[in-house]
Amino acid sequence: MIVPSQANAYVIFETLNDRGKDLSASDLLKNHLFGRADDRIEEVQSKWNQMLGILEAHGGDDIVITYIRQLWSATREVAREKELFAKIKEKIVTPQQAVDFAGELLDRANHYSAMLNPAHSLWKEHGAEAQSIIESLNTLKVERYRPAMLALLSSFQAKELVAAMRVILNGSVRYLIAIGAGGGTLEAAWSDVARKVAAKEVASAAAFAKEMQKIVPNDEVFRSAFRTARISKGFIARYLLTSLERFAKGEKDCELVPNSDVAAVNLEHVLPENPGENWKEVHPDIAAAFSRRIGNQVLLSAKKNSELGNQSFAAKREVLAASEFLLTKEVGNTAAWGPTEIDQRQEKLAAMAVDVWLFKA
């Protein structure tokens, strides 16, 4: 099919695609920007390809779409993935708008890449604390905060930036424990504060924390949720217990720099989920209810963990008591282990958690 110009070709392509096989969201967005660029298409192509070059190390089409959607949420309005193409199609309609948006995508891509990589050179500029916060967030595999982080990296400097990043980390942990991974409500809150940061309505870490106080669980709610928290994902339990262990040892910044070396440090469920013959006194329903409670999990070397298996508590006690981890040693020094002891230990951990993941506005 012969058309008058390259821009017309993209319009024809988009029309035909409506009647045929779905393309990826990335293809559709690219096609729209190229089609609206008109005689400035080479500028848009260049910026788009450079943006892809920055993000390609982190994945394919999915990461590109997530980045564009979260940038759009940080600068304009919250958009679900299914809505994104329609919103961009509605707002980006002239060659200048296409060029400007492509430039924006390129300019912010390095910041987004840094959020996905704690070893990124950007964190060397901001210091070890900022790098540790990013490592912790990546360990927890949370991402709803990213619109806010995009705004902070463009607007905050030095100590204010790092302090606001700590608000993100501690707020994310509190939300994760008290409410869950978060959905539209959480992302809308982070996106809303991102736009306020960009508009200079929120210009300090304290103001940022005050804004997020609307959705981050307070001390009472967080402590109450932590008392009964069941953690089924090992990477989350390991991060929580490592941070609490560091707090017990009196270390500063204990919520940072999680130990992610699974080969060196593993999790032991003191009361097994399937207790078997060695735990005859524990009903299977009780084991199922309490085995994944954070109060029933301890840090232990991977070798020792594999050796313990489903042994009785009497057999485990000696190994636990000899551990270098203070919180694990305390369990080993307990006379018996069951629901009462798990509740008591988790009550103590919950009180510590309020101080570890401090949130003050």
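The values are calculated or read from the model by the stated rules, or taken from the named source; none is laboratory data. Just so it is clear, the model here is predicted, and its values are computed rather than measured. So basically every Cβ, Gly included, is an ideal-geometry build from the backbone, and we count neighbours across all protein chains shown.
Could you check segment 78-102 and list, in sequence order, the residues that are closer than 15 Å to Q45 by Cα and not small (G, A, S)?
P95, Q96, Q97, V99, D100, F101 - these are the residues of segment 78-102 that are closer than 15 Å to Q45 by Cα and not small (G, A, S).
Mind listing whichever residues of segment 199-222 are in a loop (DSSP other than H, G, I, E, B) and farther than 28 Å from L349 by Cα?
Answer for segment 199-222, where residues must be in a loop (DSSP other than H, G, I, E, B) and farther than 28 Å from L349 by Cα: A199, K200, E201, V202, A203, S204.
Please determine whether any residue of segment 141-160 is within 19 Å of D253 (Cα to Cα) and either in the same structural domain as G59 (by TED's automatic domain parsing) or modelled with pLDDT of 95 or more (or both). Checking segment 141-160: at least one residue is within 19 Å of D253 (Cα to Cα) and either in the same structural domain as G59 (by TED's automatic domain parsing) or modelled with pLDDT of 95 or more (or both). For the criterion of being over 25 Å from A361 (Cβ atoms) and either surrounded by 24 or more Cβ atoms within 10 Å (Cβ to Cβ) or not polar (S, T, N, Q) (or both), A114 passes. Cβ-Cβ below 8 Å, separation at least six or inter-chain, first residue in segment 105-121 and at pLDDT below 95, second of a type in the set (D, E): which pairs? From residues that are at pLDDT below 95, the pairs are P118/E135. Look at V93 and say whether it is among the aliphatic types (A, V, I, L, M), more than 25 Å from N138 (Cα to Cα) and buried (at least 18 other Cβ atoms within 10 Å of the Cβ). Here the answer is no, as V93 does not meet what is asked.
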